[in-house]
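Visitor: I'd like to ask some things about the structure below.
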Amino acid sequence: MTNQPAALDRAFQALADPTRRAILSRLGAGPASVSRLAEPFTMAMPTLLQHIRVLEQGGLIGTEKRGRVRICALRPEALRETEDWLARQRAAWEGRLDRLDSYLLTMKDQADGV
(Lines give C-alpha, C1' and ligand atoms only; values in the text may rest on other atoms or scores of the structure.)
Protein backbone atom coordinates (compact mmCIF):
# COMPACT_ATOMS: atom_id res chain seq x y z
CA MET A 1 0.00 0.00 0.00
CA THR A 2 1.55 3.25 -1.12
CA ASN A 3 0.28 5.52 1.64
CA GLN A 4 -0.16 2.83 4.25
CA PRO A 5 -2.09 4.73 6.96
CA ALA A 6 -4.61 6.14 4.49
CA ALA A 7 -4.87 2.84 2.61
CA LEU A 8 -5.45 0.94 5.86
CA ASP A 9 -8.12 3.45 6.87
CA ARG A 10 -9.94 2.90 3.57
CA ALA A 11 -9.56 -0.89 3.80
CA PHE A 12 -10.93 -1.03 7.34
CA GLN A 13 -13.76 1.34 6.42
CA ALA A 14 -14.64 -1.01 3.57
CA LEU A 15 -14.46 -4.06 5.88
CA ALA A 16 -16.68 -2.40 8.50
CA ASP A 17 -19.92 -3.20 6.67
CA PRO A 18 -21.45 -6.73 6.64
CA THR A 19 -22.72 -6.34 3.07
CA ARG A 20 -19.24 -5.49 1.85
CA ARG A 21 -17.76 -8.43 3.78
CA ALA A 22 -20.36 -10.69 2.13
CA ILE A 23 -19.35 -9.36 -1.29
CA LEU A 24 -15.70 -10.08 -0.48
CA SER A 25 -16.59 -13.60 0.65
CA ARG A 26 -18.37 -14.22 -2.64
CA LEU A 27 -15.44 -12.85 -4.61
CA GLY A 28 -13.19 -15.27 -2.76
CA ALA A 29 -14.69 -17.94 -5.03
CA GLY A 30 -13.66 -15.96 -8.13
CA PRO A 31 -14.56 -12.87 -10.15
CA ALA A 32 -18.23 -12.08 -10.61
CA SER A 33 -20.41 -9.58 -12.41
CA VAL A 34 -22.16 -6.87 -10.47
CA SER A 35 -25.53 -8.42 -11.29
CA ARG A 36 -24.33 -11.79 -9.94
CA LEU A 37 -23.09 -10.09 -6.76
CA ALA A 38 -26.48 -8.38 -6.37
CA GLU A 39 -28.47 -11.66 -6.39
CA PRO A 40 -28.48 -12.47 -2.66
CA PHE A 41 -29.26 -8.90 -1.58
CA THR A 42 -32.60 -7.13 -1.39
CA MET A 43 -31.19 -3.68 -2.08
CA ALA A 44 -31.46 -1.36 -5.03
CA MET A 45 -28.66 -1.59 -7.60
CA PRO A 46 -27.39 1.96 -6.85
CA THR A 47 -26.92 0.95 -3.21
CA LEU A 48 -24.99 -2.17 -4.19
CA LEU A 49 -22.87 -0.11 -6.59
CA GLN A 50 -22.01 2.23 -3.71
CA HIS A 51 -20.78 -0.77 -1.69
CA ILE A 52 -18.68 -1.89 -4.65
CA ARG A 53 -17.27 1.62 -5.01
CA VAL A 54 -16.22 1.63 -1.33
CA LEU A 55 -14.54 -1.77 -1.74
CA GLU A 56 -12.74 -0.53 -4.83
CA GLN A 57 -11.64 2.71 -3.13
CA GLY A 58 -10.42 0.60 -0.21
CA GLY A 59 -8.23 -1.30 -2.66
CA LEU A 60 -9.86 -4.61 -1.77
CA ILE A 61 -11.36 -5.28 -5.20
CA GLY A 62 -10.75 -4.28 -8.78
CA THR A 63 -13.38 -3.88 -11.47
CA GLU A 64 -13.27 -3.94 -15.25
CA LYS A 65 -15.83 -3.51 -17.99
CA ARG A 66 -16.28 -6.42 -20.38
CA GLY A 67 -18.68 -5.13 -22.96
CA ARG A 68 -21.77 -4.07 -21.01
CA VAL A 69 -20.88 -6.15 -17.97
CA ARG A 70 -18.85 -4.89 -15.02
CA ILE A 71 -16.72 -7.66 -13.47
CA CYS A 72 -15.41 -7.45 -9.92
CA ALA A 73 -12.40 -9.39 -8.63
CA LEU A 74 -10.76 -9.67 -5.26
CA ARG A 75 -7.34 -8.07 -4.79
CA PRO A 76 -5.77 -10.60 -2.39
CA GLU A 77 -2.59 -8.54 -1.99
CA ALA A 78 -4.62 -5.76 -0.32
CA LEU A 79 -6.13 -8.27 2.10
CA ARG A 80 -2.64 -9.64 2.81
CA GLU A 81 -1.38 -6.15 3.62
CA THR A 82 -4.31 -5.62 6.00
CA GLU A 83 -3.69 -9.01 7.62
CA ASP A 84 0.03 -8.21 7.94
CA TRP A 85 -0.84 -5.02 9.81
CA LEU A 86 -3.20 -6.95 12.09
CA ALA A 87 -0.53 -9.62 12.70
CA ARG A 88 1.99 -6.95 13.74
CA GLN A 89 -0.55 -5.45 16.15
CA ARG A 90 -1.40 -8.89 17.55
CA ALA A 91 2.29 -9.71 18.08
CA ALA A 92 2.90 -6.41 19.85
CA TRP A 93 -0.05 -6.94 22.19
CA GLU A 94 0.85 -10.56 22.87
CA GLY A 95 4.36 -9.43 23.81
CA ARG A 96 2.94 -6.80 26.17
CA LEU A 97 0.57 -9.28 27.75
CA ASP A 98 3.35 -11.86 28.16
CA ARG A 99 5.49 -9.25 29.95
CA LEU A 100 2.54 -8.29 32.15
CA ASP A 101 1.92 -11.95 32.99
CA SER A 102 5.58 -12.42 33.88
CA TYR A 103 5.55 -9.31 36.04
CA LEU A 104 2.40 -10.39 37.85
CA LEU A 105 3.85 -13.85 38.52
CA THR A 106 7.00 -12.20 39.93
CA MET A 107 4.86 -9.96 42.16
CA LYS A 108 2.84 -12.97 43.33
CA ASP A 109 6.02 -14.93 44.12
CA GLN A 110 7.37 -11.97 46.10
CA ALA A 111 4.10 -11.63 48.00
CA ASP A 112 4.13 -15.36 48.79
CA GLY A 113 7.70 -15.01 50.11
CA VAL A 114 9.29 -17.21 47.46
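Visitor: Do you know which of the residues in segment 19-58 that are closer than 17 Å to ILE71 by Cβ and assigned to a loop (DSSP other than H, G, I, E, B) is farthest from the chain's Cα centre (by Cα)?
Guide: Out of the qualifying residues, it is GLU39.
Visitor: Would you check which residues across segment 6-18 are part of a helix (DSSP H, G or I) and either at pLDDT 95 or above or surrounded by 13 or more Cβ atoms within 10 Å (Cβ to Cβ) (or both) and list them?
Guide: Listed by number, the residues that qualify are ALA7, LEU8, ARG10, ALA11, PHE12, GLN13, ALA14, LEU15, PRO18.
Visitor: Among GLY62, GLY95, which is in a helix (DSSP H, G or I) and over 13 Å from ALA11 (Cβ atoms)?
Guide: None of the other options fit; the residue is GLY95.
Visitor: Mind checking which pairs have a first residue in segment 16-33 that is touching a residue at least 12 places away in the same chain (Cβ under 8 Å) and a second that is of a type in the set (Ser, Thr, Tyr), Cβ under 9 Å, 6 or more apart or different chains?
Guide: Qualifying pairs under 9 Å: THR19/THR47.
Visitor: From ARG88, ARG53, grab the single residue that is surrounded by fewer than 16 Cβ atoms within 10 Å (Cβ to Cβ) and modelled with pLDDT of 95 or more.
Guide: Only one candidate passes the filter, namely ARG53.
The values are calculated or read from the model by the stated rules, or taken from the named source; none is laboratory data. Keep in mind that this is a model prediction, so the values were computed, not measured. Don't worry about glycine lacking a Cβ; one is built from the backbone with ideal geometry, like all the others, and counts go over all protein chains shown.
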